[in-house]
Amino acid sequence: MIYDVHCTTDTGEEFIIEMQKEPQEYFPERIVYYLARSASRQQAKGVIKHIGENGEKQELPWNYHLKRIYGVFFMNFKDPDEKHQQGLSHFALLETENHYQDTDVFQYWKIQMPIYRKMKESDCTTDIDKWIFNLSNMETMESTLSFTNDIPLFKQLGKLASYSELTTDQQIQYDDSFNNY
């Protein structure tokens, strides 16, 4: 099953967020296709009709300036190629010899969830590792989320998660108690 969320910020930047349950042949190519499709939808084809400062209609050539498009692809499987098996991978358009980024219009991240499920807390060195570790392991955690002292928001998420475990009657009772407080 595939879940996609497409978001556009108030500045026009786009985010494609996907949760891919099963491996799929040509998955990297599909990522590129999604990013390219979003880019092609940003501008009308051909000429752009524009009203100039004097109120006259003008036709301008297509503006190739694109807003950034980011992709975040959560994979519930490991990459079939062992040398590509890492928890978090960041991709961008780079020049191959000197490794400079030619444009930052396309960027995407692949997150291989099974790798984070096998990690230990001590393996998490960055905040993003801690976030993904908690997301990957949330359903199997016995009590609270990990790293609550490092990232205070995890305490709040833990409280919300325990609220969702309450029965409907318990939630009503909790809400009443909270509102009275």
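The values are calculated or read from the model by the stated rules, or taken from the named source; none is laboratory data. Everything numeric in this text was worked out from a predicted model, so none of it was measured. FYI the Cβ positions are ideal-geometry reconstructions off the backbone, even for glycines, and counts take in every protein chain you see. These accessible areas exclude ligands, DNA and RNA; they are computed on the full protein's heavy atoms, side chains included. Shrake-Rupley method; radii C 1.70, N 1.55, O 1.52, S 1.80 Å.
Among the conditions (1) part of a helix (DSSP H, G or I); (2) touching a His at 6+ places or on another chain (Cβ under 6 Å), L135 misses just one, which is (2). Residue count for the stretch 95-112, restricted to those that are open to solvent by less than 90 Å² (accessible area, probe 1.4 Å) and not in a loop (DSSP other than H, G, I, E, B): 11. Figure legend. Inter-residue proximity from the stretch 5-24: first residues free of Cβ contacts under 8 Å to residues at least 24 places away in the same chain, second residues open to solvent by less than 80 Å² (accessible area, probe 1.4 Å) and assigned to a loop (DSSP other than H, G, I, E, B), beta-carbon distance below 7 Å, spacing 6+ or different chains. No pairs are indicated.
Tell me, which residue of the stretch 5-32 that is part of a strand (DSSP E or B) and within 14 Å of K110 (Cα to Cα) is most open to solvent (accessible area, probe 1.4 Å)? Talk me through it step by step, then tell me what you get.
Step one: list which residues in the stretch 5-32 are part of a strand (DSSP E or B), which gives 5-8, 14-20.
Imposing the further condition that a residue be within 14 Å of K110 (Cα to Cα) reduces the set to 15-20.
Numbers: F15: 69, I16: 1, I17: 55, E18: 1, M19: 105, Q20: 11 Å².
The extreme case among them is M19.
When the stretch 55-94 is filtered for residues that are touching a residue at least 40 places away in the same chain (Cβ under 8 Å) and part of a loop (DSSP other than H, G, I, E, B), the ones remaining, listed by number, are K67, R68, N76, F77, P80, G87.
When each of F15, F74 is tested for being closer than 30 Å to K130 by Cα and at pLDDT 95 or above, the lone residue that passes is F15. Restricting attention to the stretch 118-138, does a residue exist that is basic (K, R), touching a helix residue (DSSP H, G or I) at 6+ places or on another chain (Cβ under 6 Å) and either modelled with pLDDT of 90 or more or open to solvent by 70 Å² or more (accessible area, probe 1.4 Å) (or both)? Within the stretch 118-138, not a single residue is basic (K, R), touching a helix residue (DSSP H, G or I) at 6+ places or on another chain (Cβ under 6 Å) and either modelled with pLDDT of 90 or more or open to solvent by 70 Å² or more (accessible area, probe 1.4 Å) (or both). Looking across the stretch 162-174 at every residue that is in a helix (DSSP H, G or I), closer than 23 Å to L145 by Cα and of a type outside the set (G, A, S), the one that is least open to solvent (accessible area, probe 1.4 Å) is identified as Q171.
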